[in-house]
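Here the structure is laid out as C-alpha cells; the discussion comes afterwards.
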Amino acid sequence: MTTQAQLGALRRLGAATVHEAQGGTGAMDSAIKPLDPTMVLAGPALTVDTRPSDNLAIHRAMTVARPGDVLVVDAKGFTEAGPWGDVLTVYAQQVGLAGLVIDGSVRDSRAIVELGFPVFSRGVCIKGTAKNQPGAVGRPITCAGVAVHPGDVVLGDADGVVVVPAAELDRVLAAAEERERKEERFRAALRDGESLLDLLNLRDRLTDKGNE
C-alpha cells in the first residue's frame with residue numbers, strides 16, 4: 001500500500017525526475033495538462049474506461065472511490081465534450097479524491113481551479129455528456145498512451161503526468177532520489193564555475209562530431 005511518505009517524496013521529486021528515474025517510461029502524452037500550473041497530484045489510480053461524450057462510468061467510479069485515489073479516465077482522447085465539471089468536483093472533494101487525470105476534456109474549469117482540486121486533462125469543452133454507457137471501473141486501461149493498472153501510482157505537476165507501476169514504486173523512488181542528489185551536485189558545481197560539458201563528459205563527443 002502506498003504511504004503518505006512515498007507520496008510526499010514523489011511530489012517533492014517531481015514528474016520529470018521520476019519519469020527519468022524509471023528509464024524514461026510512464027509519461028502520458030504531453031497534451032495532458034493541469035488546469036492550473038500550480039496543481040500537483042499523487043496517489044493510487046482508480047481506473048475508468050468511458051465512452052466519448054458519456055460519463056456514466058465516472059459516476060459509477062465515484063461510488064467505489066476511496067480517499068486519496070486519483071481518478072484516471074480513458075475518455076478516448078475525445079475533446080468535444082466535458083464529462084467532468086464543478087458538481088463532480090465538489091462530490092470528489094467530499095469523497096476525498098486526490099485528483100483527476102482524464103484523456104478528454106472537462107468543463108467549469110474556472111470553478112474547478114477556484115475549488116483547488118487537481119485536474120489534468122487533454123482539453124476544456126463547454127459541451128455536456130450523456131449518461132448511458134456503463135463503461136468499466138477498476139480494470140487495466142490505456143490512458144494518453146500509458147498502460148495504467150488499478151493501484152499504480154500517478155504523479156502530476158506542471159511538467160506533466162507519469163505513472164509508476166505499484167510493484168516498482170520503491171525502486172523508482174530510490175532511483176529518483178539518487179538522480180536528484182546527482183543533479184544537486186551538478187548545480188553546486190556549476191555555481192562554483194565548472195563547465196556542464198565537463199560534468200557531462202561531452203567534450204570528446206563534440207570533438208568526435210567535428211565541433212571544437
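Can you name the strands (runs of 3 or more DSSP E) wholly within the stretch 134-212 that have at least 2 residues being touching a helix residue (DSSP H, G or I) at 6+ places or on another chain (Cβ under 6 Å) and of a type outside the set (Lys, Arg)?
Where strands (runs of 3 or more DSSP E) fall fully within the stretch 134-212 and carry at least 2 residues being touching a helix residue (DSSP H, G or I) at 6+ places or on another chain (Cβ under 6 Å) and of a type outside the set (Lys, Arg), they are 153-157, 160-164.
Being over 14 Å from the mean Cα position of the chain (by Cα) and on the phi < 0 side of the Ramachandran plot is true for just one of ASP36, ASP54. Which residue is that?
The match here is ASP54.
Determine if the stretch 67-85 includes at least one residue that is within 20 Å of PRO134 (Cβ to Cβ), without any contact (Cβ under 8 Å) to a residue 12 or more places away in the chain, surrounded by fewer than 21 Cβ atoms within 10 Å (Cβ to Cβ) and not aromatic (Phe, Trp, Tyr).
No - not one qualifying residue is present in the stretch 67-85.
Every residue in the stretch 114-128 that is of a type in the set (D, E, K, R) and either buried (at least 20 other Cβ atoms within 10 Å of the Cβ) or under 21 Å from GLY160 (Cβ atoms) (or both), please.
Hit for the stretch 114-128 is ARG122, nothing else.
So is ALA61 crowded, with 17+ Cβ neighbours inside 10 Å and outside any strand (DSSP E or B) or not?
It is true that ALA61 is crowded, with 17+ Cβ neighbours inside 10 Å and outside any strand (DSSP E or B).
Find the residue count for the stretch 94-114, including only residues that are part of a helix (DSSP H, G or I), without any contact (Cβ under 8 Å) to a residue 60 or more places away in the chain and not β-branched (Val, Ile, Thr).
Total meeting the criteria: 4.
Checking TYR91 against (1) in a helix (DSSP H, G or I); (2) touching a helix residue (DSSP H, G or I) at 6+ places or on another chain (Cβ under 7 Å); (3) crowded, with 19+ Cβ neighbours inside 10 Å, which test does it fail?
Unmet for TYR91, out of (1) in a helix (DSSP H, G or I); (2) touching a helix residue (DSSP H, G or I) at 6+ places or on another chain (Cβ under 7 Å); (3) crowded, with 19+ Cβ neighbours inside 10 Å: (3).
Kindly indicate the residue of the stretch 36-58 that is of a type in the set (Ser, Thr, Tyr) and buried (at least 18 other Cβ atoms within 10 Å of the Cβ) and also nearest to GLY26 (Cα to Cα) among those meeting that condition.
Here the residue is THR47.
Each reported figure results from applying straightforward, stated rules to the coordinates on display, with no laboratory input. The model shown is predicted, which means the values in this text are computed figures rather than measured ones. Cβ atoms come from the backbone with ideal geometry, glycine included; neighbour counts cover every protein chain shown.
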